[in-house]
Every structure is written in structure tokens, then in C-alpha cells.
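Trainee: One structure coming up, written as C-alpha cells, with questions to follow.
The values are calculated or read from the model by the stated rules, or taken from the named source; none is laboratory data. Not measured: the values here are computed from a predicted model. We place every Cβ from the backbone using ideal geometry, glycine too, and count neighbours over all the protein chains shown.
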């Protein structure tokens with residue numbers, strides 16, 4: 001687990017550090033182009049090998065056998081698969097192995113979207129570190145703008161904006177706030193209460209502001 005240092009591995013390592021109690025219920029299988037299926041604790045040398053059609057065909061039988069053993073030994077409730085297309089071809093037919101009672105999520109999209117989806121999957125039943133650290137104070141500062149609002153005032157501002165705008169805000173991707181029966185993105189809502197353009201701050205900034213104001217932000 002320490003050998004690989006891509007962004008997704010960093011997300012997983014951060015999660016296991018933040019929630020060591022969750023490790024007993026989380027099984028991680030690493031698909032290596034050279035070694036096939038690895039457990040996080042296996043020691044391997046540094047290497048550099050791309051997936052070729054020949055290598056994929058060579059390791060596929062062992063990979064499928066190893067994955068089958070995972071599902072034979074444990075009754076999983078959820079399964080998350082995050083692989084590029086080349087690696088997905090190695091596990092083609094996996095749907096026949098995973099029991100129908102196991103909820104399966106495939107991570108897809110751009111690098112940022114993949115990281116967001118993986119983050120959401122890991123933290124589905126656990127609080128995010130940032131959410132636990134931020135305490136509601138009724139005050140936030142963003143790009144030089146002071147914001148002092150009660151939670152109901154924030155939601156009321158969002159409600160007025162929804163009524164007055166002719167075009168509905170874009171569908172939230174990973175995070176959302178409930179304004180009555182509407183799901184709105186944190187950046188959109190913070191833009192309404194601050195007067196700032198969504199282009200000048202990030203979703204993380206928006207979540208921080210809303211948490212400081214006591215407004216709950218949900219994950220999709």
C-alpha cells in the first residue's frame with residue numbers, strides 16, 4: 001500500500017489513517033500489471049510495467065481466481081472498482097462473480113471526478129476530517145468578504161435565488177445542500193450569499209463557509 005503513490009492511493013491512505021476502526025471491515029485488492037492481485041500488506045520491489053495485451057492475458061486467470069476467492073470467503077455489502085480501461089479488460093466478466101446482494105460501484109470519469117467518487121464511497125458511513133474539525137460559529141470569511149448569517153438566513157437566500165432565477169442552477173455533482181425540496185451545489189449557494197462569482201473559490205471553500213455558518217452539506 002505504501003509502494004503505490006497515485007492520487008487514489010493517497011485518498012485511501014488518508015481514509016485509513018482517519019478511520020483506523022474501519023480497516024477491519026474494508027478489504028483492499030490492488031491489481032498490478034506485473035504481480036496480479038496484491039494485498040495492501042505484501043512487500044514488492046519498485047517496478048515500472050505497463051499493461052500490454054500479452055501481459056493482461058498472462059495474469060488474467062490468476063486475477064480472476066484471486067477475486068473469486070475474495071467473494072467466496074466474505075459476504076460483502078459494497079464493492080468499489082476503480083481501474084482504467086486497460087485494467088478493466090483484465091477483469092472482464094467480473095459481474096458473474098460478484099453476488100447480486102453486493103452493491104457494486106464503478107469509478108469513472110476524469111481524474112478529479114474519479115477522486116471525488118472514491119472519496120464519497122469511502123466516507124459514505126464515516127464523517128470527513130474537514131467536517132469534524134469545523135465548528136459552526138455563524139461567521140465566515142471568503143476572498144475578503146465577511147459573511148454573518150444564521151443557517152435559516154442562508155437557506156432563505158438560496159430560496160429567493162431559486163424563485164428569481166429563470167435558469168435552474170446546475171445539478172450538483174458530489175456535494176449538495178437541501179433548500180426546501182431542491183438540491184443545490186455548495187458553490188452556487190455560497191455565491192448567492194457572498195455575491196462572489198463561483199469562479200473565484202473552490203467547492204472546498206464553499207463547504208468550509210457553510211460548515212462555519214451551520215449549514216449541513218451532504219454527499220451524493
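Trainee: Counting only residues that are outside any strand (DSSP E or B) and free of Cβ contacts under 8 Å to residues at least 40 places away in the same chain, how many does the range 179-205 have?
Mentor: The qualifying residues number 14.
Trainee: Return yes when residue 108 is part of a loop (DSSP other than H, G, I, E, B), under 23 Å from the mean Cα position of the chain (by Cα) and in the same structural domain as residue 29 (by TED's automatic domain parsing) and no when it is not.
Mentor: yes
Trainee: Kindly indicate whether residue 186 is modelled with pLDDT of 90 or more, touching a helix residue (DSSP H, G or I) at 6+ places or on another chain (Cβ under 7 Å) and crowded, with 19+ Cβ neighbours inside 10 Å.
Mentor: Against the criterion (modelled with pLDDT of 90 or more, touching a helix residue (DSSP H, G or I) at 6+ places or on another chain (Cβ under 7 Å) and crowded, with 19+ Cβ neighbours inside 10 Å), residue 186 qualifies.
Trainee: Can you tell me how many residues in the range 207-220 are in a helix (DSSP H, G or I), farther than 14 Å from residue 116 by Cβ and touching a strand residue (DSSP E or B) at 6+ places or on another chain (Cβ under 8 Å)? Can you show your working first?
Mentor: Going residue by residue through the range 207-220, those that are in a helix (DSSP H, G or I) are 207-212.
The next check asks that each one be farther than 14 Å from residue 116 by Cβ; those that pass are 208-212.
Adding the requirement that they be touching a strand residue (DSSP E or B) at 6+ places or on another chain (Cβ under 8 Å) leaves 208-210, 212.
So the answer is 4.
Trainee: For the range 1-25, which positions are part of a loop (DSSP other than H, G, I, E, B) and without any contact (Cβ under 8 Å) to a residue 24 or more places away in the chain?
Mentor: The answer is 2, 5, 6.
Trainee: Residues in the range 42-63 that are in a helix (DSSP H, G or I) and surrounded by 10 or more Cβ atoms within 10 Å (Cβ to Cβ): how many?
Mentor: Selection size over the range 42-63: 9.
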